[in-house]
1. What ranking do B:29, A:142 get, fewest neighbouring Cβ atoms within 10 angstrom at the top?
2. I'd like the FRET efficiency for residue B:71 and residue A:87, computed as 1/(1 + (r/R0)^6) with the beta carbon distance as r and R0 of 25 Å, rounded to 0.05.
3. Label points 7 Å out from Cα along the Cβ direction at residue B:133 and residue B:180: separation in nm?
4. Run the simple label-point estimate for residue A:32 and residue B:152 please: 7 Å along Cα→C-beta, distance reported in nm.
5. For residue A:113 and residue A:71, calculate 0.36 nm times their separation in residues minus their Cα-Cα distance, and state this gained length in nm to one decimal.
6. Using Cβ counts within 10 Å as a stand-in for footprinting exposure, how do A:146, B:22, B:165, A:1 rank, fewest first?
7. Please state, to two decimals, what the Cα-based radius of gyration of segment A:4-56 comes to when divided by 2.2 N^0.38 Å (N = residues).
Amino acid sequence: MNCPIKTHENTDWLLDYSAGKLNADRTTLVERHMETCPDCARFVEGQRAVWSALGRWEPPAVSADFNRRLYQRIDRARPASWLERLFRPLQPLWRPVVPLAAACLLMIAGVALHAPEPALHRNSSQARIESIEPEQVERTLDDMQMLRELALTPQQEQTTPKPM
Amino acid sequence: MPQRVNGVMGAAAALDYDAELMLRVKDGDGASFALLLEKYRASVTHFLYRMVQEQAVSEELAQEVFLRVYRSRETYEPTAKFTTWLFRIATHLALNWLRDQKNERGQERLDESVEDAPTREVADRSPSVEQSMVHRVKVEEVRRAVAALPEKQRAAVLMHKYEEMEYSQIAKVLSCSESAVKSLLFRAYETLRVRLAHMA
């Protein structure tokens, strides 16, 4: 086996050997070579130290809401439906109209709810009643008078003696 | 599972179950995407964290990775291992981010204090204050040593050490030859050995 450090051949063998990932046949070759090559032996020793040091470095845990945020982004990136695409060119036109229409509706609703219409109706009917009332009373009195007269007339006819 | 999926799988990545899941995602199966997300969320985010060394940024980039995976579902073809494709996207995003950062602020970010780059340490069973501090210092040294590596070397080391990827796979992720990856790793580990020699 040629020296991996001197020839730069099979450097991966040394890396894999240091990481304990080299197959048995190659492991035998590397170990035999290291017996006579202090450079490679030093390399393996240093590489094992690096490997171990790298193993100490653990990243922070992934945030709990990672999936939620991702699916939100996926939803936002979802392609628009044909209806949305159809109305998209009109959006700049009708977009400012919507809040305006909503404001108008609110104003109309406000006016409808707070207008003193029922009171007006009540007052006008009351006034009408008030204006009609004396006439009605007068007419009623007249009617009563007439009825009284009518009722009296046959009685008088009955009580008056017939001439002989 | 649709016939087409079986056909494609037989031809390309028959043994890659992840690629099979991705083909199901392509056919509109959201549950398969959830499985892939669950399986690779941590490794992708951790890889990105070790690349950019900022937690918020690493999560943001990891989200972008999975978003791109989801968006690409319709054009996905299992021509390589799913993880090769996944880490190719992740590496590309990380390298772009690092390049942008370098353009904006120079290299000083990598030399910022420990507080700016939170690390979770491996807890000893009952570490004393002194042991904890020593451990923190060692972890910080490792972080700095990795951060000081050229970006491609850093990506190669992270994929080799933490993701246990094969040289051929790393080569595909980094779009270079296998021998170039071996050379890249050899130089990277050599640099790390010099910087971390005292920790042996």
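What follows draws every value from the coordinates through simple rules; no lab data is involved. Bear in mind that the values here come from a model prediction, so they are computed numbers and not experimental data. Positions of Cβ are generated from backbone atoms using ideal geometry, with glycine treated the same way; all protein chains shown enter the neighbour counts.
1. Starting with the residue having the fewest Cβ neighbours, the order is A:142, B:29.
2. 0.55
3. About 4.7 nm separates the two model spin labels.
4. Label-label distance for residue A:32 and residue B:152, simple model: 3.6 nm.
5. Going from the current span to full extension adds 10.7 nm.
6. The fewest-first ordering by Cβ neighbours comes to A:146, A:1, B:165, B:22.
7. Dividing the Cα Rg of segment A:4-56 by 2.2 N^0.38 Å gives 1.08.
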